[in-house]
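Throughout, read-outs are computed from the coordinates displayed, never taken from laboratory work. What you are looking at is a predicted structure, and each value in this text was computed from that prediction instead of being measured. Using ideal geometry, Cβ is built from the backbone for each residue, glycine included, and neighbour counts are taken over all protein chains shown.
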Amino acid sequence: MRRPTVSEMPDERDDIAGAGEPAAAAIEMRGVVKRFGAITAVDGLDLEVARGVCFGLLGPNGAGKSTTMRMLTAQALPDAGHIRVLGYELPRESKQSRLEMGVVPQLDNLDVELTCRQILTVFARLYRVPRAQREQAVTRALEIANLAPRADTIVKELSGGMRRRLLVARGLIHSPRLVLLDEPTVGLDPQIRQELWSLIDSLRAQGVTVLMSTHYIEEAERLADTVAVMSAGKIIAQGTPAQLVAAHAGEQVLEVYGPPERLAQVSELAGGNGWSSRRSGPAVAILRAETLDGQAPEGVRRPANLEDAFVALTGEEIE
Amino acid sequence: MEGRALQTQAQGGGQAAAVSGSRRRVGRLEPAALAGVMSRDVSIFGRYWKSTTFSSIVQPTIYLLAFGLGLGTLIKTVNHLTYVQYVATGVVATAVLFSSAFPGMFNTFIRWQFQRTYDAMLAAPVDVEELITAEMLWISLRAGAYGLAPLLVGFAFGLSPEAGMLLVAPVGFVTGFGFAGFGVTVAAVAKTIDNFNYITSAVLTPLFLVAGTFFPISRFPAGVRAVVQVNPLYHCVQLVRDCSLGRLGTPDLVHAGVLLAFAVLMWRLAIWSLGKRLID
């Protein structure tokens, strides 16, 4: 078909960044649509991820995040729109872009019959790590995942946290300059989540571009330089976490506690005055409390956070 | 190019991740990708070679014992061959069929649906075509090697070694490649793993029984004989027998041609049918 040749090129990213477009974003998606039968999973998505940032794709389950991720590896093909990854046009040049990026899937797809070392070695080959550097790459990945003492343990015998770390290490085996993380910490206990967060943070510190999908607000808030809120297959807001909070939830939130009748009353009051409010567990939260005049009910004021902005944007409660 | 219109604010720009190795270009059906996928199969085989080898030796032994010693006492010769010669060479095709169609079906389905291994590999620089080709190559290399087992067992039953037997491995390889592709195709269209029962009983069993393995097809009515001509396993049996008994001739070109055509057809069919399912 095309380019059967293998030409080694100097290791100078600045000059040869993605197909000769040094200024290009790491990921560009324009007007991307993906349908599954009658369901439109991704509905005219525009997304741009600059190089070197940690970008959080935040949305509730079913927002189309995983489908978006699969389209970036050309494991799902869009029905409309354009996608470029590292300057390569998808799906035509997707194999080239996959060579230069790492992927950590949401679902554990490790080979349970193999050892950590065997899995990493297979993927070092798949990512074309030269033979002479393969062993070193595997050792490095085992260290990243903190699995060196378990190198020769078969996956079946690893704990859930270890498996997840191995999954991450597998995606980093070739030191990619772009990493896709699909819900990296879903279902993990808090301690392991913290470990993964520091790992992701260190990637960004090394200048690796990270696109991470998550439905954990805290995860996006802590790690992402830029957050895009995704709902029903579209990006509905984008900015730094602070920008999103300021734009969609204001500075302060007033939380009013009370019995159900009182809460109903407060909701009604808020609705009547055009205040943005939501039920938040045992309380009603009124956004932009700093703009309320004397009519404000009694309650507790706290700084607005990304969750407030998220709920205001999507109308959906998530974790 | 539309993408170029999207000018960006590229913060942090290209100084990213200088840790990465040198860049190279990837093409289609790359040996490196095939080797990568197959290296996984080799690692898995390292865990299971004992049981696989055991069954590949024991199975033909049982066939030879049952048919050779059992039926062999009633039948002295078939088409001028001793019954051991006839069965030992015929069972090669059975061994090839079983060691290619079953892995094609089960391994594919399990790795694709249950273990999601294929999802993981396709996120790496491996195309569907490379993935399936590599899996089929590995299965057929194994089938070619294990296809020799019945001959080795046959030696113990009085079959005499023959130089042409070395050709049995490549014949087994080509046949195995076709049946591996058949298995992959079945896996791609099966709704559940239980559906394989239909294929095993209604397709594979008649294929291996009516291929001239245990008895010649010349006794069948003309209609059935015509149908048998399209059974790739029949051509495998004939070719293996002619190689093993040093009597290769012009008809063997036809047998080889049919097997090659079957292999190529199944290869493309497997890639097409599973490719549709692997990529949304």
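In the protein assembly as shown, with Lys and Arg counted as +1 and Asp and Glu as -1 at Cβ, which of these residues, A:PRO91, A:VAL266, B:GLY178, has the Cα nearest the positive end of the dipole, that is, farthest along it?
Toward the positive end, the furthest listed residue is B:GLY178.
Given R₀ = 41 Å, FRET efficiency for B:THR52-B:THR250 by Cβ-Cβ distance, to 0.05? Intermediate values should be presented prior to the final figure.
Numbers: r = 36 Å, r/R0 = 0.89.
Once the sixth-power term is evaluated, E becomes 0.65.
Relative to the longest principal axis of chain B, what angle (0 to 90°, nearest 10) does the C-alpha long axis of helix B:31-63 take?
20 degrees
Any idea how far apart B:THR205 and A:GLN206 come out in nm if each label point goes 7 Å out from Cα toward Cβ?
5.6 nm
Residues with beta-carbon under 15 Å from that of A:GLU268, excluding A:GLU268: net charge, scoring Lys, Arg +1 and Asp, Glu -1?
Working: positive: A:ARG262, A:ARG278, A:ARG279; negative: A:GLU261.
It works out to a net charge of +2.
Any idea how far the Cα center of the stretch B:33-71 sits from the one of the stretch B:96-112, in Å?
Here the two parts' Cα centres lie 13 Å apart.
Just check the stretch A:100-139 against the gyration tensor rule for me: Cα atoms, a ≥ b ≥ c as the square roots of the eigenvalues, rounded for a/c under 1.5, and otherwise prolate or oblate depending on whether a/b exceeds b/c.
Working: a/c = 2.60, a/b = 1.37, b/c = 1.90.
Oblate, since a/c reaches 1.5 and b/c is not below a/b.
Just report the Cα centroid separation between the stretch A:244-286 and the stretch B:153-186, whole Å.
Result: 76 Å between the Cα centres.
Per residue of B:121-133, count partner chain C-beta atoms within 10 Å of its C-beta, then hand back the mean as an integer. Spell out each step's value before the answer.
Numbers: counts 4, 7, 19, 17, 13, 5, 4, 1, 1, 2, 1, 0, 0.
Across the residues of B:121-133, the mean count of other-chain Cβ atoms within 10 Å is 6.
Give, in whole angstrom and from largest to smallest, the semi-axes √(5λ) of the equivalent ellipsoid of the stretch A:226-278, with λ running over the eigenvalues of the Cα gyration tensor. Don't skip to the end; give the middle numbers.
On the way: eigenvalues 159, 35, 19 Å².
So the equivalent ellipsoid measures 28, 13, 10 Å along its semi-axes.
What is the sum of charges, Lys and Arg at +1 and Asp and Glu at -1, for the other residues whose Cβ falls under 13 Å from the Cβ of B:ASN79? Write down the numbers at each step before the final one.
Numbers: positive: B:LYS76, B:ARG219, B:ARG241, B:ARG247; negative: B:ASP242.
It works out to a net charge of +3.
Could you give me the percent of Cα pairs per 10 Å distance bin for the stretch B:108-148, shortest bin first, beginning at zero and ending with the bin that holds the maximum distance?
P(r) for the stretch B:108-148, in whole percents per bin: 28, 47, 22, 3.
Which parts of the stretch A:100-130 would a label at A:LYS156 reach, counting a residue when its backbone N lies under 13 Å from a point 7 Å out along Cα-to-Cβ?
A:111-115
I need the GluC sites (Glu not before Pro) found in the stretch A:171-277, filtered to DSSP loop residues with at most 15 other beta carbons within 10 Å of theirs. It would help to have the intermediate numbers written out before the result.
On the way: sites: A:GLU195, A:GLU218, A:GLU219, A:GLU221, A:GLU251, A:GLU255, A:GLU261, A:GLU268; in loops: A:GLU251.
Hits after loop and neighbour filter: A:GLU251.
Based on the Cα gyration tensor of the stretch A:184-319, what are the three equivalent ellipsoid semi-axes, each the root of five times an eigenvalue, rounded to whole Å and given largest first? Working shown, then result.
Numbers: eigenvalues 205, 48, 34 Å².
Each semi-axis is √(5λ); the values are 32, 16, 13 Å.
Please give me, ordered by residue number, the GluC sites (Glu not before Pro) of the stretch B:86-164 that lie in loop per DSSP and have at most 16 other Cβ atoms within 10 Å.
Details: sites: B:GLU129, B:GLU130, B:GLU135, B:GLU162; in loops: B:GLU162.
Listed in order of number, the matching sites are B:GLU162.
Compute the length gained on full extension between A:ARG35 and A:LEU107: take 0.36 nm times their separation in residues and subtract their Cα-Cα distance, giving the result in nm to one decimal.
On the way: separation 72, 0.36 × 72 = 25.92 nm, distance 2.14 nm.
This chain segment gains 23.8 nm when fully extended.
The stretch B:235-276 to the stretch A:167-230: how many Å between their Cα centroids?
Cα centres, the stretch B:235-276 to the stretch A:167-230: 50 Å.
Roughly speaking, what % of Cα-Cα pairs in the protein assembly as shown are separated by over 39 Å, rounded to a whole number? Show your work: numbers first, answer last.
On the way: 77192 of 179101 pairs.
For the protein assembly as shown, the share of Cα pairs beyond 39 Å comes to 43 percent.
Would you mind checking A:LYS234/B:LYS276; A:LYS34/A:LYS95; A:LYS95/B:LYS276; A:LYS95/A:LYS234; B:LYS191/B:LYS276; A:LYS34/A:LYS234 for any pair whose Cα atoms are more than 23 angstrom apart?
On the way: A:LYS234/B:LYS276 26 Å; A:LYS34/A:LYS95 20 Å; A:LYS95/B:LYS276 18 Å; A:LYS95/A:LYS234 26 Å; B:LYS191/B:LYS276 14 Å; A:LYS34/A:LYS234 11 Å.
Those over the limit are A:LYS234/B:LYS276; A:LYS95/A:LYS234.
For A:LYS234, enumerate residues with amide H under 5 Å from its amide H, sequence gap 5+ or separate chain, H modeled in the peptide plane.
A:ASP43
Note down the relative contact order for the stretch B:63-222 as a percent, whole number, built from C-alpha pairs under 8 angstrom at least six residues apart. Please list the in-between numbers first.
On the way: 177 pairs, mean separation 55.8, N = 160.
About 35 percent, as a whole number.
Is the shape of the stretch A:251-303 rounded, prolate or oblate, going by the alpha carbon gyration tensor and its root eigenvalues a ≥ b ≥ c, with a/c under 1.5 for rounded and a/b larger than b/c for prolate?
Values: a/c = 1.67, a/b = 1.24, b/c = 1.35.
Oblate.
Full-extension gain between B:ALA226 and B:PHE45, please, as 0.36 nm times their residue separation minus the C-alpha to C-alpha distance. Please list the in-between numbers first.
Values: separation 181, 0.36 × 181 = 65.16 nm, distance 3.92 nm.
Between B:ALA226 and B:PHE45, full extension yields an extra 61.2 nm.
I'd like the antiparallel share, as a percent to the nearest 5, of DSSP beta bridges with both residues in chain A. Let's see the in-between values first.
Values: 34 of 52 bridges.
Taking every DSSP beta bridge with both residues in chain A, the antiparallel ones total about 65 percent.
So if we plug the beta-carbon distance of B:GLU162 and A:GLN133 into 1/(1 + (r/R0)^6) with R0 = 56 Å, what FRET efficiency do we get, rounded to 0.05?
On the way: r = 47 Å, r/R0 = 0.85.
Working from the Cβ atoms, E equals 0.75.
If I take R0 = 41 Å and measure r between the Cβ atoms of A:ASP189 and A:ILE236 in this structure, what FRET efficiency does the formula 1/(1 + (r/R0)^6) give, to the nearest 0.05?
Details: r = 31 Å, r/R0 = 0.76.
Computed FRET efficiency for A:ASP189 and A:ILE236 comes out at 0.85.
Across peptide A:114-121, what mean number of C-beta atoms from other chains lies inside 10 Å of a residue's C-beta? Walk me through the intermediate numbers first.
Working: counts 6, 2, 0, 1, 7, 3, 0, 4.
Averaged over the peptide's residues, the number is 3.
So in the protein assembly as shown, what percent of DSSP beta bridges are antiparallel if you round to the nearest 5?
Values: 37 of 55 bridges.
Of the beta bridges lying entirely in the protein assembly as shown, close to 65 percent run antiparallel.
With the cut-off at 1.5 for a/c, could you classify the stretch A:110-226 from its C-alpha gyration tensor as rounded, prolate or oblate?
The shape class here is oblate.
Nearest 500 deg cm²/dmol is fine: what mean residue ellipticity at 222 nm does chain B get from its DSSP H runs of n ≥ 4 alone, each adding -39,500 (n - 2.57), divided by its residue count? Please list the in-between numbers first.
On the way: 11 runs with 172 residues, N = 280.
That calculation yields -20500 deg cm²/dmol at 222 nm.
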